[in-house]
1. Return yes or no: is Ile48 open to solvent by 60 Å² or more (accessible area, probe 1.4 Å) and more than 19 Å from Leu205 (Cα to Cα)?
2. Could you tell me which numbered condition Val78 fails, if it satisfies all but one of (1) farther than 27 Å from Asp149 by Cβ; (2) open to solvent by 60 Å² or more (accessible area, probe 1.4 Å)?
3. Going through the range 225-236 one residue at a time, which ones are open to solvent by 20 Å² or more (accessible area, probe 1.4 Å) and assigned to a helix (DSSP H, G or I)?
4. Criterion first (at pLDDT 95 or above, assigned to a helix (DSSP H, G or I) and of a type in the set (A, V, I, L, M)) does Ile201 satisfy it?
5. Is there a residue in the range 55-71 that is of a type in the set (Val, Ile, Thr) and either over 30 Å from Ala114 (Cβ atoms) or open to solvent by 50 Å² or more (accessible area, probe 1.4 Å) (or both)?
6. Taking the condition over 30 Å from Leu240 (Cβ atoms) and either polar (S, T, N, Q) or open to solvent by 60 Å² or more (accessible area, probe 1.4 Å) (or both), does Leu176 pass?
Amino acid sequence: MDIMTGVGLVVGFGVIATMMLLGGDLHMFISEHAMIIIFGGSTAATMIRFPLSALMHGLPLGAKFAFTMSRLSAHDLVDELARIAEIARKQGPVGLEKVETDEPFLAKGIRYVADGYDLDFIRDNLERDRDNFLMHLDEGSKIYRAIGDCAPAFGMIGTLIGMVQMFANMTDPSKLGPFMATALLATLYGALVANLFCLPIADKLHGKLLDEETNRTLIIDGILMIRDSKSPTLVREMLLAYLPEKHRHAEGEPVPA
């Protein structure tokens, strides 16, 4: 689990709630009208902007990856692939049938090699799987960013509606307070939804997309080298190129041939 996402949200909401309590009662910051304009308007605009298929894939996948971490880092994958290459060298492809891994994409590649599929089939299927996954993760990032972009705009719309209602009822002082509260709370809700939730999650998903692209491309290259019967030392040395320069020699020692 990516605890930083959860901790950040808890701290953010905690700070906002503390500031609200220091100035009075939380109830004064609740407005059904402001919620309707922010959440209803943002949802409607997002539905117009994206097709249903993108929403069905992008929203849940984005929410999942915003709160989870990859099972294996790039360095762990290099070690894992070198270990698998050692098994394949000693026992052949049949020996890979008993290999277990926590990474589903890597497990699929191992199964292809163990089943004896040819190199082109393995490459095409793994690359297609990677590209589809990255496309859906990118959709999730774009959807959350779109919500973050339009939430403040609908907050301004709510503010304008509240001000129109306030000025239209200047003769009734009892209505001025509620309309002004609605106007200000709409702006507050829009800013919170965008800057505390949607935009940070969109940025995190973009970063994880880059990490997943690197990791899955690394896996594909490693699996293809294992299928081509490359030595564990060569597999490790070739895959170390995916790591930052400072980690290649400090953390990665070649597996004995």
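1. For Ile48, the condition - open to solvent by 60 Å² or more (accessible area, probe 1.4 Å) and more than 19 Å from Leu205 (Cα to Cα) - is met.
2. Condition (2) is where Val78 drops out.
3. Of everything in the range 225-236, those that are open to solvent by 20 Å² or more (accessible area, probe 1.4 Å) and assigned to a helix (DSSP H, G or I) turn out to be Met225, Arg227, Thr233, Leu234.
4. On the way: at pLDDT 95 or above: no; assigned to a helix (DSSP H, G or I): yes; of a type in the set (A, V, I, L, M): yes.
Answer is no for this residue.
5. No: the range 55-71 contains no residue that is of a type in the set (Val, Ile, Thr) and either over 30 Å from Ala114 (Cβ atoms) or open to solvent by 50 Å² or more (accessible area, probe 1.4 Å) (or both).
6. It is false that Leu176 is over 30 Å from Leu240 (Cβ atoms) and either polar (S, T, N, Q) or open to solvent by 60 Å² or more (accessible area, probe 1.4 Å) (or both).
The values are calculated or read from the model by the stated rules, or taken from the named source; none is laboratory data. Because the structure is a prediction, the values reported are computed rather than measured. Please note: Cβ atoms are built from the backbone with ideal geometry, for glycine as well, and neighbour counts cover all protein chains shown. In case anyone asks, the SASA skips ligands and DNA or RNA and just uses the protein heavy atoms, side chains included. Shrake-Rupley method; radii C 1.70, N 1.55, O 1.52, S 1.80 Å.
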